[in-house]
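Input: a single structure, listed below in structure tokens.
Each reported figure results from applying straightforward, stated rules to the coordinates on display, with no laboratory input. Everything numeric in this text was worked out from a predicted model, so none of it was measured. Here the Cβ positions follow ideal geometry from the backbone for every residue, glycine too, while neighbour counts run over all protein chains shown.
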């Protein structure tokens with residue numbers, strides 16, 4: 001061998017991408033562990049992460065559910081109220097700081113006091129405002145619901161063998177006084193925005209690595225040896241609060257998250273990175289995995305990601321990887337039984 005590039009496998013060369021209609025699944029990742037039918041899996045993350053839990057359940061994997069829906073709710077209504085989206089009814093967790101906050105709250109005894117938002121006489125948990133679309137009748141009821149939610153999630157996390165988290169955003173809104181991070185800007189779903197109290201945050205690479213380190217430590221507190229599987233959402237930002245162009249803001253956000261996720265996974269045992277972001281944004285696909293809005297991932301794209309995921313992490317002992325029937329869903333549609341529930345798309349209402 002005259003140099004290191006001689007004799008490399010085909011997937012090491014860009015020509016594999018340029019000459020193909022889509023990226024090949026084999027060689028897309030080198031998993032550090034596999035998922036078996038006995039593994040108990042917890043999921044969390046941004047909107048795109050909802051597809052992962054659903055697809056794993058459909059293939060026979062044990063995806064934990066700390067808060068199953070009441071039997072009288074239809075599947076569509078259950079999803080509208082935050083049931084079955086993830087392993088807990090915590091709604092979308094867009095940033096690593098938000099995940100760290102959730103894990104810290106879940107371990108705390110007593111739990112931190114609930115932050116309550118109000119809208120038209122109804123009351124909302126500020127840290128998961130979308131799970132009760134109509135709100136609750138009083139702040140006391142919000143506190144009761146939150147404490148029960150955290151207790152249920154703690155019991156779930158103490159059983160989990162694998163935690164799958166999809167990083168979605170670097171941008172967030174923070175309470176200046178307490179440092180609490182909200183899943184959406186105050187005033188969008190409920191509450192009132194106050195510049196004196198609410199600060200915009202755009203997390204940088206060192207902060208994300210630091211938060212991932214604490215997340216890794218907290219998961220070990222819940223269950224020693226828990227594996228962590230990181231992905232990055234391919235879904236672009238709906239809007240940016242940086243004051244700049246959304247294209248630049250989105251590129252920054254995804255670049256930072258993508259670099260942090262793999263760097264952290266490479267440096268830590270029992271931690272992996274799976275390239276769902278790369279599969280959807282693959283140049284050879286020429287954008288075909290996105291709908292006309294260039295943001296919603298088409299059902300075929302979701303299936304492509306899950307085929308690669310099962311190819312990499314499946315042990316062959318679970319149900320066959322049949323395609324997932326995920327209908328196309330555009331922003332503003334009613335939430336059907338398979339729709340992705342996403343607070344961030346509400347920002348479109350403020351486009352002038």
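Odds and ends about this structure:
- Once the convex hull of all Cα atoms in the stretch 265-307 is built, its volume per residue stands at 87 Å³.
- Helix-derived mean residue ellipticity, 222 nm - over the chain, DSSP H n ≥ 4, -39500 (n - 2.57), to 500: -10000 deg cm²/dmol
- Shape metrics for the chain, restricted to C-alpha atoms - Rg then Dmax, Å: 20.1, 74
- The chain: angle of helix 96-107 to the longest principal axis, Cα-based, in degrees nearest 10: 60 degrees
- The alpha carbon gyration tensor of the stretch 12-83 gives principal lengths a ≥ b ≥ c with a/c of 1.5 or higher and a/b greater than b/c, which makes the shape prolate.
- Contour minus Cα-Cα distance for residue 192 and residue 122 (0.36 nm per residue): 23.9 nm
- Whole-angstrom gap from the stretch 228-261 to the stretch 93-149, using each part's C-alpha centre: 25 Å
- Volume in Å³ per residue [convex hull over Cα atoms, computed for the stretch 134-211]: 151 Å³
- Cβ crowding within 10 Å ranks 214, 6 as 6, 214, fewest other Cβ atoms first.
- Stokes-Einstein D for the stretch 188-285, Kirkwood Rh over Cα pairs, 25 °C, 0.890 mPa s (µm²/s): 157 µm²/s
- Distance distribution P(r), the stretch 1-142, all Cα-Cα pairs, bin width 10 angstrom from 0: 9, 26, 28, 17, 11, 6, 2, 0 percent.
- Compared with the dominant Cα axis of the chain, that is its longest principal axis, helix 139-157 is turned about 30°.
- Taking Cα atoms only, the orientation of helix 205-222 departs from the longest principal axis of the chain by about 80 degrees.
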